Amino acid sequence: MTSPGERASASEPAGGASGVLAGRHVLLGVSGGIAAYKAAVLARTFVKAGASVQAVLTPAAATFVGPATFEGLTGRAVPPHVFSDNGHAPHIHLAREADVAVFAPATANLIAKLATGMADDLLTSTALMLQCPTVIAPAMHTEMWLHPATQANVAALVARGMRVVGPDDGALAVGDTGPGRLADEGDIVAAVTAALQPVGSPLAGRRVIVSAGGTREPIDPVRFISNRSSGKMGYALAREAVRRGAHVRLVAAPNHLPDPAGIEMHHVETAEQMRSAILDLADDTDVVVKAAAVADFRPERYSSQKIKKDSDGLDQIRLVRNPDILSELGRHKGGRLLVGFAAETDLAEEHGRDKLHRKGIDLIVVNRVDMADSGFNVDTNRAVLLRADGGRREVPLTTKDHLAAIVWDEVEALLAGDRA
């Protein structure tokens with residue numbers, strides 16, 4: 001534990017990788033064709049680019065390349081079927097964590113299932129849950145590729161916004177040649193990268209600060225005052241900003257989350273450290289999103305020795321107010337756009353609107369933290385977004401990743417000059 005006066009620590013973007021794939025979750029769907037062995041090479045390429053890769057195999061694919069190969073290359077277990085996670089239906093989590101999905105090789109059978117919405121195994125069940133960009137890399141015999149049914153299915157997938165790369169013309173199984181060969185690895189990676197690239201996002205190239213987690217205010221070397229914030233919402237906001245092309249600095253209070261790749265990290269503990277880190281970074285920043293739960297109070301005095309429980313030291317701990325970082329930023333706003341969070345348990349919208357105007361910010365996200373399925377330490381949230389110009393957007397229960405996307409949609413509208 002650091003003492004209150006200790007400086008914040010900063011690090012370069014985590015993960016040792018950069019670029020569009022760094023820090024992204026790639027769902028790699030592998031179906032049963034002779035080209036399945038190439039999917040293993042593809043998995044390794046994504047991992048080397050800094051991505052987290054989750055392979056999902058059809059039963060037929062597992063006859064060509066075993067799950068152990070993908071587990072060794074990606075470091076992640078390959079779930080065998082829909083109910084492999086103690087009945088918790090892993091296809092839901094697999095789909096929601098994916099930033100991009102790539103099906104390689106995609107057989108005629110898999111393409112038909114994707115086109116018609118069938119969900120009879122783990123891979124197709126996951127596919128039907130996806131809300132992310134999707135790349136299809138077909139591989140099959142020429143006659144199957146050219147069949148009107150396959151062509152119609154591919155056209156249906158393209159009409160839904162999926163990217164199709166290949167197939168190439170070349171050597172096929174049993175000595176045949178012709179169109180149907182899996183596209184080259186580089187072409188598939190390029191298609192996945194293109195699917196992740198922000199297109200005309202007002203955030204592209206912007207400098208963004210996101211704060212996350214719950215600060216700790218030390219009482220002595222053992223004890224501290226804190227709150228229930230897990231940091232999940234702030235980390236989701238940071239990841240989404242990176243996806244949209246922003247340069248993100250994440251000021252993180254203590255939490256149990258891994259540092260996301262591709263993000264400049266600043267680790268802090270106390271409210272004073274968070275204030276110092278954010279103010280040091282704010283001058284050249286376009287957007288500040290204060291999602292951290294900053295302790296309102298801290299002990300007036302810090303004891304460098306553990307206070308014994310049978311002494312009077314723990315009975316009378318005098319508290320003093322911590323700085324209100326967002327209000328301070330609002331008073332010295334400059335050209336920055338400011339976003340705040342209000343964790344509420346009652347009269348949520350009323351309190352949120354008061355904070356919005358009192359602190360001089362542009363957008364506030366009012367979220368309820370007194371429900372089991374939203375707020376602290378869960379992956380879901382519900383919120384009302386209030387804009388200083390009077391705009392209001394209610395978000396029913398959703399994932400924190402999805403809420404992060406909605407928040408940045410509102411920020412992008414403000415950056416683009418939409419004050420409606």
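The values are calculated or read from the model by the stated rules, or taken from the named source; none is laboratory data. Model, not experiment: these values are computed from the prediction. Glycine also receives a Cβ, built like all others from the backbone with ideal geometry; neighbour counts cover every protein chain displayed.
Some values worked out for this structure:
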item: Matching option when the condition is more than 23 Å from the chain's Cα centre (by Cα), under 23 Å from residue 235 (Cα atoms), modelled with pLDDT of 90 or more and not aromatic (Phe, Trp, Tyr), among 324, 409; result: 324
item: Qualifying positions in region 193-233 - on the phi > 0 side of the Ramachandran plot and either surrounded by fewer than 19 Cβ atoms within 10 Å (Cβ to Cβ) or in a strand (DSSP E or B) (or both); result: 200, 205
item: Identity of the residue in region 234-256, in contact with a Gly (Cβ under 9 Å, 6 or more places away or on another chain) and without any contact (Cβ under 8 Å) to a residue 40 or more places away in the chain, that ends up surrounded by the most Cβ atoms within 10 Å (Cβ to Cβ); result: 235
item: Region 327-366 - residue that is touching a His at 6+ places or on another chain (Cβ under 9 Å) and of a type in the set (A, V, I, L, M, F, W, C) and, of those, farthest from residue 284 (Cα to Cα); result: 366
item: Any chance residue 320 is among the hydrophobic types (A, V, I, L, M, F, W, C) and over 28 Å from residue 415 (Cα atoms); result: yes
item: Counted residues, region 36-74 - those being within 24 Å of residue 195 (Cβ to Cβ), within 28 Å of the chain's Cα centre (by Cα) and either outside any strand (DSSP E or B) or at pLDDT 90 or above (or both); result: 23
item: Total residues in region 1-35, condition over 17 Å from the mean Cα position of the chain (by Cα) and either modelled with pLDDT of 90 or more or assigned to a loop (DSSP other than H, G, I, E, B) (or both); result: 18
item: Identity of the residue in region 121-160, out of contact with any strand residue (DSSP E or B) (no Cβ under 8 Å at 6 or more places or on another chain) and assigned to a loop (DSSP other than H, G, I, E, B), that ends up surrounded by the most Cβ atoms within 10 Å (Cβ to Cβ); result: 121
item: Failed item in (1) part of a strand (DSSP E or B); (2) over 30 Å from residue 370 (Cβ atoms), with residue 251 passing the rest; result: (2)
item: Filter pass, residue 108 being under 25 Å from residue 157 (Cα atoms), in contact with a Leu (Cβ under 9 Å, 6 or more places away or on another chain), touching a residue at least 12 places away in the same chain (Cβ under 8 Å) and not charged (D, E, K, R); result: no
